[in-house]
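This report refers to the structure that appears directly beneath it.
The values are calculated or read from the model by the stated rules, or taken from the named source; none is laboratory data. It should be emphasised that the depicted structure is a prediction, and the values quoted were computed from it without experimental measurement. Methodologically, a virtual Cβ is constructed for each residue, glycine included, from the backbone with ideal geometry; neighbour enumeration extends over all protein chains shown. When the accessible area is computed, the model is the full protein with side chains, heavy atoms only, and any ligands, DNA or RNA have been set aside. Shrake-Rupley method; radii C 1.70, N 1.55, O 1.52, S 1.80 Å.
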Amino acid sequence: LISSSASQVNSIEMSQTPYKGTLVDLLPASSEDLASLKKEARTLVSFQLTPRQQCDVELLVNGGFSPLRGFLNKTDYERVLEEMRLSDGTLWPIPITFDVSQQKAEELKIGQRITLKDPEDAPLAILTIDSIWEPNKAKEAEKVFGSADDVNHPSIHYLFNEAGSHYVGGSLQGIQLPAYYDFTDIRFTPKQLRAKFQELGWEKIVGFQTRNPMHRSHRELTVRAAKEAGCNLLIHPVVGQTKPGDVDHYTRVRCYKEIMTHYPKGLAELSLLPLAMRMGGPKEAVWHAIIRKNYGLTHFIVGRDHAGPGNNRDGQPFYDPYEAQRLLEKHADEIGIQVMKYSMVVFVEDTKEYKTEDEILPGQKVLNISGTELRRRLFRGIDIPEWFSYPSVVKILRQTHPPRNLQGFTVFFTGLSGAGKSTLANALRIVLMEEGSRPVTLLDGDEVRMHLSSELGFSKEHRNLNIRRIGWVASQITKSRGIAIIAAIAPYREPRDFARKHISKNGGFVEVHVATPLDICEERDVKGLYAKARNGVLKNFTGIDDPYEAPDAPEIFLNTSKISIPDSLKTIIKHLKDEGYLDQ
């Protein structure tokens, strides 16, 4: 199952000494210093941190990113991209940067101090600026993640679609760590976790990184790793930002706490890591090992495709599945941590036990359930066998991931004015009210404008904002396991994609393109809106002097000039039944 790094780490390097010898602590040394910083923070220009930035600030301030003492300046950033090293030669594989918009960057200057705040406006740190620059994002994407433009990679997508255009580098002075109200008994800073290890008398600790729920194979793997290395075990899951679509951390942590009851007494502990993952594969594995070194670990398990982001735009894995192991082994001595590699653990039906793939004898039948198959079983309410996971863990997963016929969902009708969206949406509302399994809410574009967006006009910016608002409301209805029906022209892809992204986190999303031709829509126009638009009386009218960006891949395509409303309804209901949202 486990093979240690080929290189031998000496006893000094294998100690719990932090990476590069000193655990950084950027919090105020005294109450007087804290009061002074808080007073100054109130006088400075402030920035509200994004979720990723807040994770980075926390790990900079508490020492998880030791030896860093702030966000990378331009010199450090450029060498990290080229060589995985800071300007002083220290190994550091992932650029830790503070991104801002061009407008904000132009308002800042070298030497200025700015306050960094959490979403509740609590000051977390003060940044003293020593670099402001516009990065070459394509170069960063290529050097760090292996592609200049493949947005299938979540961090490349983040770079080009979410991150600000400029970076600001400089040192930090911490004011306070973010406040947490969940799982506070298992949130430890590096300093606190080291103290806990000392209290427990643990000297050799192997860490297990995960961003997914744990099942029996993970328990078998980690127990065997700890026994082979003669270590105690730390389960150290990431609860900051992980891969889009991952199980939420509340559910995952409940699963972790449950599975901890199945470990031998005294062997393992659980602690949460507030890291914003970059899904950077090999380089991320090196970064994770450095972080675990700072948290006091002496050994680190690295598996197949560690921190892999999935497939690229060509349908192939972004990284070789074993490159993370190879790259980390190359740098293990420099970090001062023992690398433990493992292959996949599977259940052998013949012997009713778990083994690694290389232990399987010819003719033995092995069983495994992939993540995709697990999700299918959860969505369909299909049995999940006990050899795969503990029933108590499955129960937790089913609480937050019920079968689709108990989930909420949204049906989003989009198309030109007069295409038949409102008629279809209201008819679907009536049919679903008759079915009666969930509360149904119709979000009609005209009504939403009256009650929620009355101050908005019809510019592209205002239309996008209106659809984003509708999408947010629908996501809350879906999250509450109700049914939302949206009927809106929604002419632009970007806000429709926003709605899909946020609604799909909470349940089902079905986009219906009501693709009735323009000439038919004009014939149906009893209000004369198209005529006014063609005569120049109405400006920015979709289909006349403003474009309609048709959906690329809607779940359902309907042309109401060729299919009746009853038959259209049958198509929609059939899709909902086929996908499991309605009972057959």
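Please specify each residue of region 327-342 satisfying the condition of being open to solvent by 30 Å² or more (accessible area, probe 1.4 Å) and either within 20 Å of LEU221 (Cβ to Cβ) or in contact with a strand residue (DSSP E or B) (Cβ under 9 Å, 6 or more places away or on another chain) (or both).
Of everything in region 327-342, those that are open to solvent by 30 Å² or more (accessible area, probe 1.4 Å) and either within 20 Å of LEU221 (Cβ to Cβ) or in contact with a strand residue (DSSP E or B) (Cβ under 9 Å, 6 or more places away or on another chain) (or both) turn out to be GLU329, GLU334, LYS341, TYR342.
Starting from residues that are outside any helix (DSSP H, G or I) and open to solvent by 60 Å² or more (accessible area, probe 1.4 Å), keep the ones in region 28-49 and report whichever is nearest to GLN192 (Cα to Cα).
Filtering region 28-49 for residues that are outside any helix (DSSP H, G or I) and open to solvent by 60 Å² or more (accessible area, probe 1.4 Å), the one nearest to GLN192 (Cα to Cα) comes out as ALA29.
What tally of residues in region 156-171 results from selecting those that are assigned to a strand (DSSP E or B) and open to solvent by 10 Å² or more (accessible area, probe 1.4 Å)?
Result for region 156-171: 2.
Pairs please, first residue from region 502-523 and of a type in the set (A, V, I, L, M, F, W, C), second anywhere and assigned to a helix (DSSP H, G or I), Cβ atoms under 6 Å, 6+ apart in sequence or on different chains.
Filtered contacts from region 502-523: ILE503/ALA474; ILE503/SER475; ILE503/THR478; PHE509/ARG500; PHE509/ILE503; VAL514/LYS421.
Report yes if some residue within region 525-539 is within 17 Å of THR414 (Cβ to Cβ) and either of a type in the set (Ser, Thr, Tyr) or open to solvent by 30 Å² or more (accessible area, probe 1.4 Å) (or both); otherwise report no.
no
Part of a strand (DSSP E or B) and within 30 Å of ASP567 (Cβ to Cβ), is that true of THR410?
Answer is yes for this residue.
Just give me the residues in region 215-238 being open to solvent by 10 Å² or more (accessible area, probe 1.4 Å), of a type outside the set (A, V, I, L, M) and in a helix (DSSP H, G or I), in sequence order.
Within region 215-238, ARG216, SER217, HIS218, ARG219, GLU220, ARG224, LYS227, GLU228 meet the criteria.
Within region 377-390, how many residues are in a helix (DSSP H, G or I) and open to solvent by 70 Å² or more (accessible area, probe 1.4 Å)?
Residues in region 377-390 being in a helix (DSSP H, G or I) and open to solvent by 70 Å² or more (accessible area, probe 1.4 Å): 1 in total.
What's the total number of residues in region 181-214 that are open to solvent by 70 Å² or more (accessible area, probe 1.4 Å) and within 22 Å of ALA125 (Cα to Cα)?
Just the residues of region 181-214 that are open to solvent by 70 Å² or more (accessible area, probe 1.4 Å), to begin with: 181, 184-185, 191-192, 198-200, 203-204.
Next cut, within 22 Å of ALA125 (Cα to Cα) only: 181, 184, 191-192.
Total satisfying the criteria: 4.
Test of understanding: among THR441, THR414, THR423, THR410, which residue is in contact with a Pro (Cβ under 8 Å, 6 or more places away or on another chain) and either under 18 Å from ILE556 (Cα atoms) or of a type in the set (Ser, Thr, Tyr) (or both)? Outline the logic, then answer.
Values: THR441 fails: in contact with a Pro (Cβ under 8 Å, 6 or more places away or on another chain); THR423 fails: in contact with a Pro (Cβ under 8 Å, 6 or more places away or on another chain); THR410 fails: in contact with a Pro (Cβ under 8 Å, 6 or more places away or on another chain).
Checking each option against the conditions leaves just THR414.
Name the residue that is least open to solvent (accessible area, probe 1.4 Å), counting only residues in region 427-443 that are part of a helix (DSSP H, G or I) and without any contact (Cβ under 8 Å) to a residue 24 or more places away in the chain.
If we take residues in region 427-443 being part of a helix (DSSP H, G or I) and without any contact (Cβ under 8 Å) to a residue 24 or more places away in the chain, then ILE430 is least open to solvent (accessible area, probe 1.4 Å).
Can you list the strands (runs of 3 or more DSSP E) found entirely within region 91-155 that contain at least 1 residues being over 30 Å from GLU334 (Cα atoms) and open to solvent by 30 Å² or more (accessible area, probe 1.4 Å)?
Answer list for region 91-155: 113-117, 123-133.
May I ask you to list pairs of residues, at least six apart or on different chains, whose Cβ atoms are under 7 Å apart, with the first in region 131-148 being within 17 Å of ILE94 (Cβ to Cβ) and free of Cβ contacts under 8 Å to residues at least 24 places away in the same chain and the second being part of a loop (DSSP other than H, G, I, E, B) and polar (S, T, N, Q)?
Once the first residue is within 17 Å of ILE94 (Cβ to Cβ) and free of Cβ contacts under 8 Å to residues at least 24 places away in the same chain and sits in region 131-148, its partners that are part of a loop (DSSP other than H, G, I, E, B) and polar (S, T, N, Q) give ALA141/SER147.
Determine which single condition ASP305 fails, assuming it passes every other condition in (1) open to solvent by 10 Å² or more (accessible area, probe 1.4 Å); (2) on the phi < 0 side of the Ramachandran plot; (3) at pLDDT below 95.
The number of the failed condition is (2).
What are the pairs, 6+ residues apart or on separate chains, where a residue within region 454-483 that is touching a residue at least 24 places away in the same chain (Cβ under 8 Å) and among the hydrophobic types (A, V, I, L, M, F, W, C) has its Cβ under 6 Å from a residue that is part of a helix (DSSP H, G or I) and open to solvent by less than 10 Å² (accessible area, probe 1.4 Å)?
Short answer, once both residue conditions are applied: ILE467/PRO495; ALA474/ILE503; ILE483/LEU432.
Anything in region 362-376 that is part of a loop (DSSP other than H, G, I, E, B) and within 24 Å of the chain's Cα centre (by Cα)? List them, or say none.
Within region 362-376, ILE369, SER370 qualify.
Each row is one residue, and each column tells you yes or no for (1) under 24 Å from the mean Cα position of the chain (by Cα); (2) within 25 Å of GLY281 (Cα to Cα); (3) free of Cβ contacts under 8 Å to residues at least 24 places away in the same chain.
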residue: VAL339; (1), (2), (3): no, yes, no
residue: LYS355; (1), (2), (3): no, no, yes
residue: ILE360; (1), (2), (3): no, no, yes
residue: LEU378; (1), (2), (3): yes, no, no
residue: VAL394; (1), (2), (3): yes, no, yes
residue: THR400; (1), (2), (3): yes, no, no
residue: GLY418; (1), (2), (3): no, no, no
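Considering only region 50-85, state which residues are under 20 Å from the mean Cα position of the chain (by Cα), charged (D, E, K, R) and open to solvent by 20 Å² or more (accessible area, probe 1.4 Å).
ARG52
Tell me, which residue of region 347-376 that is under 28 Å from PRO403 (Cα atoms) and touching a Leu at 6+ places or on another chain (Cβ under 7 Å) is most open to solvent (accessible area, probe 1.4 Å)?
The selected residue is GLU349.
Every residue in region 465-481 that is more than 21 Å from the chain's Cα centre (by Cα) and buried (at least 23 other Cβ atoms within 10 Å of the Cβ), please.
Those that are more than 21 Å from the chain's Cα centre (by Cα) and buried (at least 23 other Cβ atoms within 10 Å of the Cβ): ILE467, ILE470, ILE477.
Just to check your reading of the model, which residue among LYS293, LYS257, LYS283 is open to solvent by 30 Å² or more (accessible area, probe 1.4 Å), more than 29 Å from VAL393 (Cα to Cα) and in contact with a helix residue (DSSP H, G or I) (Cβ under 9 Å, 6 or more places away or on another chain)?
LYS283 is the lone residue from the list that is open to solvent by 30 Å² or more (accessible area, probe 1.4 Å), more than 29 Å from VAL393 (Cα to Cα) and in contact with a helix residue (DSSP H, G or I) (Cβ under 9 Å, 6 or more places away or on another chain).
For region 310-325, how many residues meet the condition of being open to solvent by 60 Å² or more (accessible area, probe 1.4 Å) and either in contact with a strand residue (DSSP E or B) (Cβ under 7 Å, 6 or more places away or on another chain) or among the aliphatic types (A, V, I, L, M) (or both)?
2
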